[in-house]
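The values are calculated or read from the model by the stated rules, or taken from the named source; none is laboratory data. Remember, predicted model here, so these are calculated numbers, not experimental data. No Cβ is skipped: glycine too gets one built from the backbone with ideal geometry, and neighbour counts run over all protein chains shown.
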Amino acid sequence: MSEQRMRTDQDQGQDQGQGQSHSQGQEQSPRRTEQPRVVIVGAGMAGVQTAVALREKGYGGPVTLIGAEPHPPYDRPPLSKAVLLGQAAGSAFDIDFEGLTVDLRLGLEVTGLRASARELDTPAGPVPYDILVIATGAEPVPLPGTEDLAHVHLLRTLDDAERLRPILEQRQEIVVVGAGWIGAEFATAARTAGCVVTVVEAADAPFAGALPAEVAAPMADWYAESGAELLTHARVAGVEPGTVVLADGRQLPADAVVVGIGARPATGWLAGSGIALGPDGSVTADERLRTSLPEVYAVGDCASFPSTRYGERLLVHHWDNALQGPRTVAAQVIGETEQVYDPVPYFWSEQFGRFVQYAGHHEFADTLVWRGDPAGAAWSVVWLRGEVLVGLLAVGRPRDLAQGRKLIDTGARLDRERAADPAVPLRKAVV
């Protein structure tokens, strides 16, 4: 695999003092005479922001950022929007890595971790580290049996978007498997381009597993409004050239198939490393994003963390998590060990002409309160546990989201009747 490398002066700041970090159940490492080498694996949002946060906090030791893709580090949300539609050539981060003295190594795949030697295995040879940050993100789940079919696509990387762009330009007939967030965003772009779009979903409503069916059901109408066809209770039995075959025997014409059935932590390269992984494949970080190995941290889509706020371990596959978590990691590295990570999860999606935002975690809520008519252009839903606001979904109501996110963070209690009135600002529903 090719390797692109930006050389920097790694001796800068070597004598400025000692960086510190800690690990679950581990004693602090012996004192060093120079600042430790920080190596970050993964050049997506989480990895890039970790490097930036370290420099913003004054860390002067050597920082290496390793990315498996050959492209300069880029933001992912535009891939399903402007990049896919040809409205932007790319979405590279506007960051001066050379100015930050970050050693950027691109097109380099990390294949293993040898913790006893504090080395990473790569095709270009071992990469030593003193402090390691795992930020390898998530990878899309493929549709079984279709991995080698040229007309079946995933949408996760810049190369994926580039392969899909001409399909949209040619206005081909497309079947999307999965009516989750990625499926909805791709269907939106494909309809904007004038493609014939059919979305196949095994559940009884879109966003299965992410939202309760009663909340997701009204969102199914958005597909028909856009000109896309949504088939629920529909399972894919097989994919043939030009056709998707459903379990009930129906055959759907398909010049291309786009799969959006979920993502899983990209942690396969950690097999045999001794690092603790959860049943979902995530690196099980603690409340300070430390892993089970000494001076190894994990952040972003590949890491789960315990939430005191919600009383369970969370695995959050969203942009804001990859933006916020690095600040905690950087704090640990420079010795600000009192900082813990317990955010209010947040994400957004642009689909079918609507801006959808979500904050919190509604899994253990006992009350759902509607704010507005879900058949309208703007409405929201709040989830309460007792009287405490724990989650909120806002469609075209950004003020609800902004206020609700702050109220979730403070554990505010709401009056249900006032919360149900869309004319009443959420902050005025606090009791």
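Okay, residues lined up against (1) at pLDDT 95 or above; (2) crowded, with 21+ Cβ neighbours inside 10 Å; (3) in a loop (DSSP other than H, G, I, E, B):
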site	(1), (2), (3)
Q332	yes, yes, no
P343	yes, no, yes
Y358	yes, yes, no
E363	no, no, yes
L368	yes, no, no
A375	no, no, yes
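Scan region 156-183 for residues that are in a helix (DSSP H, G or I), under 16 Å from the mean Cα position of the chain (by Cα) and within 21 Å of V236 (Cβ to Cβ) and jot them down.
Selection gives W181, I182, G183.
Taking the conditions (1) in contact with a strand residue (DSSP E or B) (Cβ under 7 Å, 6 or more places away or on another chain); (2) modelled with pLDDT of 95 or more in turn, A202 satisfies each one other than (1).
Residues of region 356-370 that are more than 18 Å from the chain's Cα centre (by Cα) and either β-branched (V, I, T) or under 26 Å from P77 (Cβ atoms) (or both): H362, E363, T367, V369.
Identify, please: which residue in region 88-117 is polar (S, T, N, Q) and in contact with a strand residue (DSSP E or B) (Cβ under 8 Å, 6 or more places away or on another chain) and is, among those, surrounded by the fewest Cβ atoms within 10 Å (Cβ to Cβ)?
By that ranking, first place goes to T111.
For region 239-250, filtered to residues that are assigned to a strand (DSSP E or B), free of Cβ contacts under 8 Å to residues at least 40 places away in the same chain and in contact with a strand residue (DSSP E or B) (Cβ under 8 Å, 6 or more places away or on another chain), the residue that is surrounded by the most Cβ atoms within 10 Å (Cβ to Cβ) is V245. All conditions in (1) part of a strand (DSSP E or B); (2) within 18 Å of the chain's Cα centre (by Cα) hold for V258, with the sole exception of (2).
Considering the conditions (1) outside the structural domain of T232 (by TED's automatic domain parsing); (2) surrounded by fewer than 19 Cβ atoms within 10 Å (Cβ to Cβ), P253 is excluded by exactly one of them, (1). D94 meets each of the listed conditions (1) part of a loop (DSSP other than H, G, I, E, B); (2) touching a residue at least 60 places away in the same chain (Cβ under 8 Å); (3) closer than 24 Å to R165 by Cα apart from (2). Of all residues in region 263-314, exactly one satisfies the criterion of being among the β-branched types (V, I, T) and surrounded by fewer than 18 Cβ atoms within 10 Å (Cβ to Cβ), namely T308.
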